[in-house]
Ligand code: SF4
């Protein structure tokens, strides 16, 4: 039996831009070829070398021998009455049936023309952090996405909005399945690719990365002067309540978060956003508003109050309108800048992770006690 090893093909979508340049250099190709290939991959979204028509036939055949292009497959697409579209993608893993979700949330002018087309992307299959209100958290963690898989979600949805509305997507939020800063390299690399002029060319100012509060990575974003916006998923304004719903708070509490946020602001001079899901009778009282007002003093920031999409099997429920009104009045009293994000796509399982769970995703690792 021969033990000659068959050389493994390289997944071009797993390479960063500079790694792709090195890969092309090793093949003896000039630099502009790397740019052309990058553009085919990330602007035109091709899935085969044959489609790269400005490369010679010989070069396409050579690339086919040494490399391949991975990609996501769309499993389902649901459109809500309000225009929100939820996508379920299957990953390219042999023998596994991993799926992730992405959502496109449109905002329209009164005449029906889209004003903003926001895409919410996933960064992991499942999540290890086990927040009690989150459908993805109930799944546990399976694996990190590659940057190519994140860009694929964006690219697929961007080509859809171009067809449907004749408009590019306008904003990206890393708030889908997974904790983005737990997959730091993928998130920063994919955001860099998405803002590249040879790709979708979305300004970094329109890209927001969220985190439950991974303090080391928040500082890393600051040290690297990453140009993207930062949002902290706070959801409770005292350690007691945060401990109850977010297991991460046991090891990284509000004091640690405060230190990281101040560090981030000092180093970058940037403001940030706190995401605050409003749960009925849990975190929507006057005391919660007061605690929240102290947190927003850590650094220039604003608060997004998010009306929760109820999740099956979760006791916490979306706050009633009168409780929301009272909470907002309290925040105004404390001079807190807050906007309310109404829940979208209620009729299509648009809460993160709900669709994947319904489609039979199994259970993985978690840090939650349960
Ligand atoms: S809210 Fe975010 S960090 Fe928490 S379990 Fe869900 S995906 Fe993970």
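Does residue 230 qualify as being within 15 Å of residue 301 (Cα to Cα), in contact (Cβ under 8 Å) with a residue 60 or more places away in the chain and buried (at least 18 other Cβ atoms within 10 Å of the Cβ)? For residue 230, the condition - within 15 Å of residue 301 (Cα to Cα), in contact (Cβ under 8 Å) with a residue 60 or more places away in the chain and buried (at least 18 other Cβ atoms within 10 Å of the Cβ) - is not met.
Does residue 148 fit the bill of being assigned to a helix (DSSP H, G or I), more than 12 Å from the ligand (Cβ to nearest atom) and touching a residue at least 60 places away in the same chain (Cβ under 8 Å)? The answer is yes for residue 148.
Per-residue answers, yes or no, for (1) farther than 22 Å from residue 125 by Cα; (2) at pLDDT below 95; (3) within 14 Å of the ligand (Cβ to nearest atom); (4) surrounded by 17 or more Cβ atoms within 10 Å (Cβ to Cβ):
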site	(1), (2), (3), (4)
312	no, yes, no, no
329	yes, no, no, no
333	yes, no, no, no
343	yes, yes, no, no
350	no, yes, no, yes
353	no, yes, yes, yes
356	no, yes, yes, yes
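Of everything in the range 170-192 that is crowded, with 24+ Cβ neighbours inside 10 Å and away from the ligand (no atom under 12 Å from the Cβ), the residue that is nearest to residue 128 (Cα to Cα) is 187. Checked against (1) under 21 Å from residue 136 (Cα atoms); (2) surrounded by fewer than 16 Cβ atoms within 10 Å (Cβ to Cβ), residue 252 passes all but condition (2).
So that you can scan it fast, the table gives a plain yes or no per residue for (1) part of a loop (DSSP other than H, G, I, E, B); (2) surrounded by 18 or more Cβ atoms within 10 Å (Cβ to Cβ):
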| position | (1), (2) |
| --- | --- |
| 19 | no, no |
| 25 | no, no |
| 58 | no, no |
| 63 | no, yes |
| 75 | no, no |
| 78 | no, no |
| 81 | yes, no |
| 87 | no, yes |
| 94 | yes, no |
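Checking each residue in the range 43-56 for being buried (at least 18 other Cβ atoms within 10 Å of the Cβ) and part of a loop (DSSP other than H, G, I, E, B) picks out 45, 52, 55. Before we move on, is residue 140 within 16 Å of the ligand (Cβ to nearest atom), surrounded by fewer than 21 Cβ atoms within 10 Å (Cβ to Cβ) and modelled with pLDDT under 95? Answer is yes for this residue.
Scanning the range 271-303 for residues that are crowded, with 18+ Cβ neighbours inside 10 Å, more than 15 Å from residue 333 (Cβ to Cβ) and under 20 Å from the mean Cα position of the chain (by Cα) returns 272, 273, 274, 275, 276, 277.
Select from the range 92-131 the residues that are on the phi > 0 side of the Ramachandran plot and free of Cβ contacts under 8 Å to residues at least 60 places away in the same chain and write down the one among them that is farthest from the ligand (Cβ to nearest atom).
It comes out as 112.
Please verify whether residue 75 is under 15 Å from the mean Cα position of the chain (by Cα) and touching a residue at least 12 places away in the same chain (Cβ under 8 Å), treating the condition exactly as stated. Criteria not met by residue 75. For residue 277, the stated conditions do not hold, so it cannot be described as under 26 Å from residue 146 (Cβ atoms), assigned by TED's automatic domain parsing to the domain that holds residue 116 and within 15 Å of the ligand (Cβ to nearest atom).
Of the residues screened, residue 237 is one that is farther than 17 Å from residue 182 by Cα and either more than 20 Å from the chain's Cα centre (by Cα) or surrounded by fewer than 18 Cβ atoms within 10 Å (Cβ to Cβ) (or both). Flag not set for residue 88, criterion: in contact (Cβ under 8 Å) with a residue 24 or more places away in the chain and outside the structural domain of residue 156 (by TED's automatic domain parsing).
The values are calculated or read from the model by the stated rules, or taken from the named source; none is laboratory data. All values derive from a computational prediction rather than experimental measurement. Cβ sites come from the backbone with ideal geometry, for glycine too, and all protein chains shown count toward neighbours.
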